[in-house]
Amino acid sequence: MQQERHIQLPLSEYLALTTKQCSSWSFTQGLLLGQLIVILTLGCFIKFFIFGDSPGSTSKTIYSGSFTPTALKQFSRNQSNLRKKRSAVLRDPPSQSTETILSKTYYDVRSHQPESLDWFNVLIAQTLAQFREDAHTDGAILKSLNKFLNGPQKPDFLDSIRVTEVSLGEDFPIFSNCRISPSDDEPGKLQAKMDVDLSDLITLGVETKLLLNWPKPLVAVLPVALAVSIVRFSGTLSISFIPSPENLAGNTTLTFSFLDDYRLEIAVRSLVGSRSRLQDVPKIAQLVESRLHGWIDERCVEPKFQQIVLPSLWPRKRTTREQSRPGEGTDDGELPGGSFDGLRRRPQPTAHI
């Protein structure tokens, strides 16, 4: 009888072998189960979310199949009205008549004294001073004048016009005697009338040549030098705010015009000829003065007026600026002249004890 042979292993080695087999089989089962779950999830997602019908298309098909075109238009109109009603959060403002505005601002047009507008004169003076400084810095006004004078509207009997003198003046206009009154042309609107007076020397000098083109081109050439100076301007300025009829958004527009009793004083210097020159020809001065009066009358003398669309006054992120503090903004963003992009400099107040 053959003797059975038994292999004796230590208990620790036997437990290690059995545990390894069980753990290997459990890992394989988990891997297969996980792959199956992932495949089922992807299949459900593709079927119901990608290839499934959207609720909008279903409802649209039902409506188009059961309603007539007239009913569809009525339904879409009702839907748009519902969207408007849901978005109308702001309350309707009460109607503000002229009498209501005057009473709430405690302004009586019959007894209120005219205002001096000293603060307004300071703001206008600062604006004009900056405008004059910018004109001397980049020369944009000289380029614009040359382009305008030599534009397509220049007559054929004039040679190219060259600007020889430009003076923007040194003084500033003075506004005074401001009073509020109901508008004569726009019932229910208010207008502000103020006196304006400017005593300065604003000069524009040009040189050109008169071309005689008959009976043949360039028969004769006559040099002409002309300098026109505005010495004084005074009048009554009328300002009002009206809704813009051209703008669908309803932006407010600023309109201004002068009364027809304005006063304009000019000085004209002329020099005509090449060898025997004629200086300060009176007929030329009268012609220039009449043309200048006509230019003003056609643009901003009642009943004509100028209309400027005002921007929206609601605060926006793109128009936000921050005042720079001492020691900040010196590394980046510095511009020539000591200014900073997007920052407005002003001196910091100091306390005195």
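The table below gives the values:
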| read-out | value |
| --- | --- |
| Carbon/sulfur fraction of accessible area - region 98-313, other protein chains in place, 1.4 Å, % | 59 percent |
| Charged-residue dipole, Cβ positions (Lys, Arg, Asp, Glu), region 98-313 about Cα centre, Debye nearest 20 | 960 debye |
| Spatially close lysines, pair count over region 125-223: Cα under 27 Å, gap of eight or more or interchain | 5 |
| Selection from Leu210, Leu198, Thr105 lying farthest towards where the dipole of region 98-313 points positive, charges on Cβ | Leu210 |
| Residues in region 189-222 reached by a label modelled at Arg299 [backbone nitrogen below 17 Å; 7 Å Cα→Cβ] | 202-205 |
| Potential extension, Asp138-Arg232 segment - 0.36 nm per residue separation minus Cα distance | 31.1 nm |
| Leu292-Leu313 FRET efficiency (beta carbon distance; Förster radius 35 Å; 0.05 resolution) | 0.45 |
| Dipole magnitude (debye, nearest 20) for region 116-157, charges at Cβ of Lys, Arg, Asp, Glu | 200 debye |
| Region 98-313, accessible area per residue, ligands and nucleic acids excluded (1.4 Å, Å²) | 68 Å² |
| Top positive-direction residue, dipole computed over region 98-313 with Cβ charges, set Ile180, Cys300, Leu117 | Cys300 |
| Potential extension, Leu254-Arg275 segment - 0.36 nm per residue separation minus Cα distance | 2.4 nm |
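The values are calculated or read from the model by the stated rules, or taken from the named source; none is laboratory data. Note that this is a predicted model, so its numbers are computed, not measured. Because the Cβ atoms are built from the backbone with ideal geometry, glycine has one as well, and the counts that use them run over all protein chains shown. Only protein heavy atoms, including side chains, enter the accessible area calculation; ligands, DNA and RNA are left aside. Shrake-Rupley method; radii C 1.70, N 1.55, O 1.52, S 1.80 Å.
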